[in-house]
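What follows is a single structure, written as C-alpha cells, with notes after it.
The values are calculated or read from the model by the stated rules, or taken from the named source; none is laboratory data. For clarity, every value in this text was computed on a predicted model and none was experimentally measured. As a convention, Cβ positions derive from the backbone with ideal geometry for all residues, glycine included, and neighbour counts pool all protein chains shown. Side chains are part of the model used for accessible areas, which takes the heavy atoms of the whole protein and leaves out ligands, DNA and RNA. Shrake-Rupley method; radii C 1.70, N 1.55, O 1.52, S 1.80 Å.
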Amino acid sequence: MCSDKNSIQQNIEQINQQIRTAEQQYGRHSNSVHLLAVSKTKPIAALEQAIAAGQKRFGENYVQEGVEKIQYFSQHYNHSDLEWHFIGPIQSNKTRPIAENFDWVHSVDREKIAQRLNDQRTNDKPLQVLIQVNTSGESSKSGTDHEQVFALAKLINDLPNLTLRGLMSIPENVPDYPAQLAAFQQLAELNDSLKTHYPQIDTLSMGMSGDMQAAIEAGSTMVRIGTAIFGARG
Ligand SMILES: *Cc1c(COP(=O)(O)O)cnc(C)c1O
C-alpha cells in the first residue's frame, strides 16, 4: 500500500522537484516555498520514512493523534529539528494540548481561540500563528471573514506568547486551474495588505495535493501536501 518506504521517499523527492520547478516557472525566489507534509491518520512508520527523505515539517489535524506523534518523536529520537504544525479545526476545549505541544497553528479563526492559545502557551518560544481565512466560494464554514482578519491580527500581534506569521486558507476543491488561481490570488492580496500593517508577516499557507501549482503561482510560501506524499487516506 502506501507504507512502502521507497514510495514515500520518492514522492517527497518528486514533490520537492515540482516545487523548485514551479518556483522557477512563476518567477518565485528559489526555496521560498516550503513543503509541509500532512501526516494525519498516517502511522509513525510513514513519518519515519518521510524523515529519512529529509522532511522536517509535519502537519496534523487531530489534537490527540498529533500530540502522540510529537511525544513519540521527542522521546524516541532526538529530532529537535522537527517542526509540528496544527492545521485542523480548533475546539476551544482542545486549545491547551495544542498550545503546549505544537510549534505552529494554521487554523486560528477567532479571538477566543487566539486568547486561549496565548494563555496556555508554556514554552519559551511563542506559538507561530496563521489566521485561517474563509475565501469566497468556500463550502466549509471554517475560517474568518475578510473583514474580521484585521481585528484578529491586531489581537494576535498584541499577545506576547503568539507570533503572527500570515494567512492560511482551504479554498473549495475545484479542478479548474483559473478558478484555483483566482481564489489563491484573493488570499495573496489580503496578505499583502496585512503586511503593510505587520511587515514581519512572511507566510502564506495555501495549496494541497490537487492545487499546489496554482498556489505557488499565486504566491504560496507553504504548501500542505498529504495524499501526494503518503497516498490516499483510508
Ligand atoms: C488534509 C489536509 C491537507 C492535505 O490534503 P491533500 O489533498 O491530502 O494533500 C492540507 N491542508 C489541510 C488543512 C488538510 O486538512
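Brief remarks on what is shown
- When each of Ile15, Ile8 is tested for being within 15 Å of the ligand (Cβ to nearest atom), more than 27 Å from Gln71 (Cα to Cα) and assigned to a helix (DSSP H, G or I), the lone residue that passes is Ile15.
- For Leu167: the one exception among (1) in contact with a helix residue (DSSP H, G or I) (Cβ under 6 Å, 6 or more places away or on another chain); (2) away from the ligand (no atom under 14 Å from the Cβ); (3) open to solvent by less than 20 Å² (accessible area, probe 1.4 Å): (2)
- In the range 185-204, residue nearest to Met222 (Cα to Cα) [restricted to those that are within 16 Å of the ligand (Cβ to nearest atom) and touching a residue at least 40 places away in the same chain (Cβ under 8 Å)]: Thr203
- Looking only at residues in the range 44-79 that are within 16 Å of the ligand (Cβ to nearest atom) and open to solvent by 60 Å² or more (accessible area, probe 1.4 Å), the one that is nearest to Gln128 (Cα to Cα) is Arg57.
- Verdict on Pro89 being away from the ligand (no atom under 14 Å from the Cβ) and out of contact with any Gly (no Cβ under 8 Å at 6 or more places or on another chain): no
- Filtered residues of the range 112-125 (kept if modelled with pLDDT of 95 or more and loosely packed, with under 15 Cβ neighbours inside 10 Å): Lys112, Asp119, Lys125
- Of all residues in the range 181-234, those satisfying the criterion of being among the polar types (S, T, N, Q) and open to solvent by 20 Å² or more (accessible area, probe 1.4 Å) are Gln185, Gln186, Ser193, Thr196, Gln200, Ser209, Gln213, Thr221, Thr227.
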